[in-house]
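Since every read-out is calculated from the coordinates, none of them should be taken as a lab result. All values derive from a computational prediction rather than experimental measurement. When we count neighbours, we look across all protein chains shown, and the Cβ atoms used for this are built from the backbone with ideal geometry, even at glycine.
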Amino acid sequence: MAASSGREVAVHTSTTEGMRRAIEAGVSTIEHGDGGTPELFATMKAKGIALCPTLAAGEAIAQYNGWRKGIDPEPARITQKRDNFRKALASGVTICMGGDVGVYAHGDNAREMELMAQYGMAPLDVLRSATAVNADVFGIAGKVGRVRPGLLADLLVLDGDPSTDITNVRKVRWVMKEGLIYHPDGTTGR
C-alpha cells in the first residue's frame, strides 16, 4: 500500500484504470482524475482520498494548441473535464485546489479557483478548498489554512468579496505572511 511507508502519495492520472489502481494502492490524492466515474469518486470519498482536478491546466493546454476560449467551439476534452468535475462535486469527494502551475504562468493560480466556480462549485467552497481543505489534505492544518490563534498569520486582504464572486481573489490589497504585510507595489511592513 502506498500509505504503508508513512508518506503522503499523490498520483497524477487521467484514466479510469489509473484512478482505480491508485485508489486500491491507498494514495492520498489523485491529480487530474479525468477518468473518474461516480463509483470511483464514491470509493475515493469512502477512503478519504482527495481529488485535485487541475482544471486550469487542461484549459491552458487547449489554448496552447490554438483554442480561443469564448471564440472557438469548446474542445471535447474541456467539456469532459467540466462534466467530470461536476460528477466529483455531486459525489461529495474531497476536492482540493491546485492547478498544475507551471503548465501556465506562475502567479495566475486564481485561474483554477475561477474555473472551479464556473464549473459549479460555490465560491465559498472554492475558498475553503484552497485554504482549510488543502491544509487538511496535506497534513498541515496545525500550521495554516484557518484564522486561529497559534497558526501562522497568513492572510489575504482583497477589494471585493470572493465568497460571492471568486474573481475578486485577483483584487489583492495586501498579503500577510507570518505577520509581515506585503503590498502589491513591493513594499513590506507590519
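Summing charges over all other residues whose Cβ lies under 13 Å from the Cβ of G35, with Lys and Arg as +1 and Asp and Glu as -1, gives 0.
In this simple spin-label model, placing a label point 7 Å from the Cα along the Cα-to-Cβ direction at both R190 and V103 gives a separation of 4.3 nm.
With contacts taken as Cα pairs under 8 Å and at least 6 residues apart, the stretch 26-185 reaches a relative contact order of 18 percent. Database remark: amide H of L158 closer than 5 angstrom to the amide H of R173 (H placed geometrically; neighbours at sequence offset of 5 or more, or on other chains; Pro and chain starts carry no H). Here's how it looks for H32: its modeled amide H is under 5 Å from those of C52, T54, which are all 5 or more places away or on a different chain.
In this rough spin-label picture, where each label sits 7 Å from Cα along the Cβ direction, the E8-N168 distance is 2.9 nm. Shape call for the stretch 82-143 from the C-alpha gyration tensor, a ≥ b ≥ c root eigenvalues: rounded (a/c under 1.5), prolate (a/b greater than b/c) or oblate? The shape class here is oblate. In this Cβ point-charge picture (+1 for Lys and Arg, -1 for Asp and Glu), the chain has a dipole of about 300 debye about its Cα centre.
The spread of Cα positions in the chain, taken along each principal axis and listed from longest to shortest, comes to 51, 47, 27 Å. If you take all other residues with their beta carbon under 14 Å from the beta carbon of V11, and give Lys and Arg +1 and Asp and Glu -1, the sum is -2. Each residue of the stretch 12-23 was assigned a 3J(HN,Hα) from its phi angle through the Karplus curve 6.51 cos²θ - 1.76 cosθ + 1.60 (θ = phi - 60°); the sequence is 9, 8, 10, 10, 4, 5, x, 5, 4, 5, 5, 4 Hz, with glycine and proline shown as x.
Taking Cβ atoms as reference points and 14 Å as the exclusive limit, the residues near L89 contribute a net charge of +4, counting Lys and Arg as +1 and Asp and Glu as -1.
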